[in-house]
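Quick note: the coordinates plus some simple rules give every number you see, no bench work behind them. Small disclaimer: the values here were computed from a predicted structure and weren't measured. As a convention, Cβ positions derive from the backbone with ideal geometry for all residues, glycine included, and neighbour counts pool all protein chains shown.
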Number of protein chains: 2
Amino acid sequence: MAFSKRVDRLKSSLIREILAAAQRPEVMSFAGGLPAEAMLPKVDWAPMPAALGQYGMSEGEPALREAIAAEARALGVPCEASQVLIVSGSQQTLDLASKLFIDPGTEVLLEAPTYLAALQAFQFFGADCIAVPQESDGPQLEALRRALERSTPAFAYLIPTFQNPSAVRYSEAKREAVAALLDEFGVPLIEDEPYRELVFDEGSARPIVSRLRKASWIYTGTVSKTLLPGLRVGYLIASPDLFPYLLRLKQSADLHTNRIGQWQALQWLGSEQYRAHLAELRDFYRLRRDAMQAALLEHFADLADWEIPQGGLFFWLTLRQPLDTRTLLDAALQRNVAFMPGEPFFVDPDRHPGHLRLNFSHVGPDRLGEGLRRLAAVIREALPAEAA
Amino acid sequence: MAFSKRVDRLKSSLIREILAAAQRPEVMSFAGGLPAEAMLPKVDWAPMPAALGQYGMSEGEPALREAIAAEARALGVPCEASQVLIVSGSQQTLDLASKLFIDPGTEVLLEAPTYLAALQAFQFFGADCIAVPQESDGPQLEALRRALERSTPAFAYLIPTFQNPSAVRYSEAKREAVAALLDEFGVPLIEDEPYRELVFDEGSARPIVSRLRKASWIYTGTVSKTLLPGLRVGYLIASPDLFPYLLRLKQSADLHTNRIGQWQALQWLGSEQYRAHLAELRDFYRLRRDAMQAALLEHFADLADWEIPQGGLFFWLTLRQPLDTRTLLDAALQRNVAFMPGEPFFVDPDRHPGHLRLNFSHVGPDRLGEGLRRLAAVIREALPAEAA
């Protein structure tokens, strides 16, 4: 039996394995990116029309597309409902974009670090990934220009607002500069924004796609982080030159997104109820972030450096004494603590040791200190004697 | 901007365009394969647990996997729940299988005719499709053996029970013979069974995968034809050597299938309520089939030959005077009649003129005769003068 060549590039997902280990109820997990169970909103299914049981359109439900386009326009993204494609969660946008752009050897531009599941999807289709170092306010611009001069990427994949894993929010200046560079080199942009609404500290963050003048673009979002991930409803908005291809790819992938979840998402988007829910969500997560910050200061002040995330779901720690954090996983899990090693978020993992991604939404404040205390102990034990 | 090479193979879907035209309420559509609206069951969402809003497992909901495995075992398919993967509708199985098996130039074995959307998916990934002629009781066995001797297909894709489009149900003897040949040549089987439960006339149809002794296999089904297509819940069952790959491909495609639809499907599968619903559905569709048969005899007796479908949703007509039925579409639509030309269901469409696929579930008996009368008139006008 012969498999396709791309199957050789199908990595066993580290996320999958860690999350499986973290399922044990005694484990304190800083590994995942799950919304807090307590903050899943109560939803009402009773008024849903029975006709939604029938096959639907590949594009998605017209009213939902309108609502999403209206929200995007309010953010400054110039678009019509006809540019909105409802997808089966944001991950599907990565699959569709990979199919659209990537042959074996196709160059793709990413941030370093970048979202692990995006990196894996692009590499699975054979992409040659080129990474631009991330700074606290966005990518290093000189490195970005150099990368654009030396390569011809099919697209740039960026997560400018509370990036997973680094929590970086691009500054206004970097948003402008990145847009100008992509226009200059004619490189399409995929802008991934799952965390936009999970903002704890004010700050401007107009999407980069709204600043483009020439380059093609895909803007992608989801209701998974703010409503219910189990619905599997995400969306993309694409420049008109890309949309027809993405629509046909969607049709070929799974015909259309489930209409039940689309209907529920429509009940919330743009409503007063949703605004109230988002406000509660931000308050809840802000408290958890602050508790995590306090516990980190107590247990990690001498071990690592980090910035306080202004949104999203993660702290990104940089160890002062770099070591391969993947080697810490077993010892941590033995003490019932799960975390996400930083190496797999890089194109060249072995050259980027010493980062940890810690989720702050899942573990309650009562167990937080104990979890971080144990994790710090695991790190101390792994450090060379003189360093510890 | 550069797209992937596979985008050159992305066909504008004829189905999509015809179905769009058929949306006009005045159109009598024999084109689609939609369940009759009147037969969509009433479903209750109230008892659904709120916890299903959270992210779920890529494999699918454990209880649903158990229920599907139990149903498959009752059909003779030797499997455990651990071999069941819940997918976002059966179309996704075609996407995952394509990713697993197909590189540009990979040979794939199909029936002629075969399911249009499968053919398009395989060709999109670059498959070199080899077709074996279909007879009224299954594939021509000599042609199948010859194809297996002359090529090395990555898999065979077969729809042995009420095939779309031909409505053929393989005989017992052909099921046995096909299984033996696939075992002999070591070719994996993808057995697609969306229509198994839509049976109007009794007859044995134990799945071919249950007869395999050595070859790897994927068995695929859906609740779309018998419950609610809008849920987007299908499933595959795979031999243990294939399952881990398909699971990782599913995770990379869209993380997991929506849990709302999975929960609803579980309420029905194996229940007394579902058995009663299926019985009603069969009675309803049997009446529609019989009405279509009567109307066809009235309007098409001199124009075409066909067999009475024992299940599924389609009649497959063969014109006595072959002509390219794609050229009839415009004239038919002008008279507010939609149908599906037969040519695109073949690997080499231009060499197989003269078939029409007619759905019998959608148009009610009151308009059926008028629709077929108009369609027959369109055909008569297109025939050479002496033949008409």
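Using a 7 Å offset from Cα along Cα-Cβ at residue B:20, what residues in region A:226-242 end up with backbone N under 20 Å from the label point? Hits in region A:226-242 for residue B:20 at 20 Å: A:236-242. For the pair residue B:373 and residue B:150, label points projected 7 Å from Cα toward Cβ lie 4.8 nm apart.
Averaged over the residues of A:231-243, the number of partner chain Cβ atoms lying within 10 Å of the residue Cβ comes to 2. Computed across the protein assembly as shown, the Kirkwood radius stands at 27.6 Å (inverse of mean 1/r, all Cα pairs).
For chain A, the relative contact order comes to 23 percent (Cα pairs under 8 Å, sequence separation of at least 6). Only Lys, Arg, Asp and Glu carry charge here, each on its Cβ (+1 for the first two, -1 for the last two); on that basis the protein assembly as shown has a dipole of about 120 debye about its Cα centre. Spacing of the modelled spin labels on residue B:9 and residue A:381, each 7 Å from Cα toward Cβ, amounts to 5.2 nm. What are the GluC sites (Glu not before Pro) within region B:178-244 that DSSP puts in a loop, where the Cβ has at most 12 other Cβ atoms within 10 Å? For GluC sites (Glu not before Pro) across region B:178-244 that sit outside H, G, I, E and B with at most 12 neighbouring Cβ atoms in 10 Å, the list reads B:202.
Listed by chain and number, the lysines placed with their C-alpha closer than 27 angstrom to that of residue B:250 are A:5, A:11, A:99, A:225, A:250, B:5, B:11, B:99, B:214, B:225; residues fewer than eight positions away on the same chain are left out. Directionally averaged projected area (region A:24-162, Cα convex hull): 12.9 nm². Take the Cβ atoms of residue A:213 and residue A:51, set R0 to 25 Å, and the FRET efficiency comes out at 0.05. Rg/Rh for region A:175-222 to two decimals, with Rh computed the Kirkwood way over all alpha-carbon pairs. Rounded to two decimals, Rg/Rh equals 1.01. Given an 8 Å cut-off on Cα distances and at least 6 residues of separation, report the relative contact order of region A:1-146 as a percent. Reported as a whole number, the value is 20 percent. In units of the rule-of-thumb radius 2.2 N^0.38 Å, region A:95-176 shows an alpha carbon radius of gyration of 1.06.
Shielding of peptide A:255-267 by partners, expressed as the average count of other chain Cβ atoms within 10 Å per residue Cβ, is 5.
Out of every Cα pair in region A:218-288, what percent are spaced more than 19 Å from each other? Beyond 19 Å sits 47 percent of the P(r) for region A:218-288.
In region B:206-254, Rg over Rh equals 1.04, where Rg is the alpha-carbon radius of gyration and Rh the Kirkwood radius from pairwise Cα distances.
Give the calculated FRET efficiency between residue A:275 and residue B:202 to the nearest 0.05, with a Förster radius of 56 Å applied to their Cβ-Cβ distance. The formula returns an efficiency of 0.45 here.
For the protein assembly as shown, the 222 nm mean residue ellipticity estimated from helices alone, with every DSSP H stretch of n ≥ 4 adding -39500 (n - 2.57) and the total spread over all residues, rounds to -11500 deg cm²/dmol. Projected over every direction and averaged, the convex hull enclosing the alpha-carbon atoms of region B:268-352 yields 7.8 nm².
Let a ≥ b ≥ c be the square roots of the eigenvalues of the Cα gyration tensor of region A:154-246; is it rounded (a/c under 1.5), or, if not, prolate (a/b larger than b/c) or oblate? Verdict is oblate for region A:154-246. Structural size metrics of chain B, computed from C-alpha coordinates, are Rg and Dmax of 20.8, 69 Å.
For region A:173-220, applying the loop criterion from DSSP together with a ceiling of 14 other beta carbons within 10 Å to the trypsin sites (Lys or Arg not before Pro) yields A:213, A:214.
Counting Cβ atoms of other protein chains within 10 Å of each Cβ in B:45-57 and taking the mean gives 5.
Take every pair of alpha-carbon atoms less than 8 Å apart whose residues are at least six positions apart; their mean separation over the length of region B:54-271 yields a relative contact order of 27 percent. Across region B:43-83, Cα-Cα distances exceeding 12 Å account for 66% of all pairs. Remark: spin-label model distance residue A:324-residue A:176 equals 4.5 nm, labels positioned 7 Å along the Cα→Cβ axis. With the charge dipole of region B:253-385 set up from +1 on Lys and Arg Cβ and -1 on Asp and Glu Cβ about the Cα centre, the Cα lying farthest toward the positive end among the listed residues B:256, B:268, B:353 is that of B:268. Once the gyration tensor of the Cα atoms in region A:229-388 is diagonalised, the equivalent ellipsoid follows with semi-axes of 38, 22, 14 Å, ordered largest first.
The GluC sites (Glu not before Pro) of region A:1-90 that meet both conditions, a loop assignment by DSSP and at most 16 other Cβ atoms within 10 Å of the site Cβ, are A:26, A:80. Each Cα pair of region A:54-271 feeds into the Kirkwood radius, which the Stokes-Einstein equation turns, at 4 °C and 1.567 mPa s, into a diffusion coefficient of 75 µm²/s.
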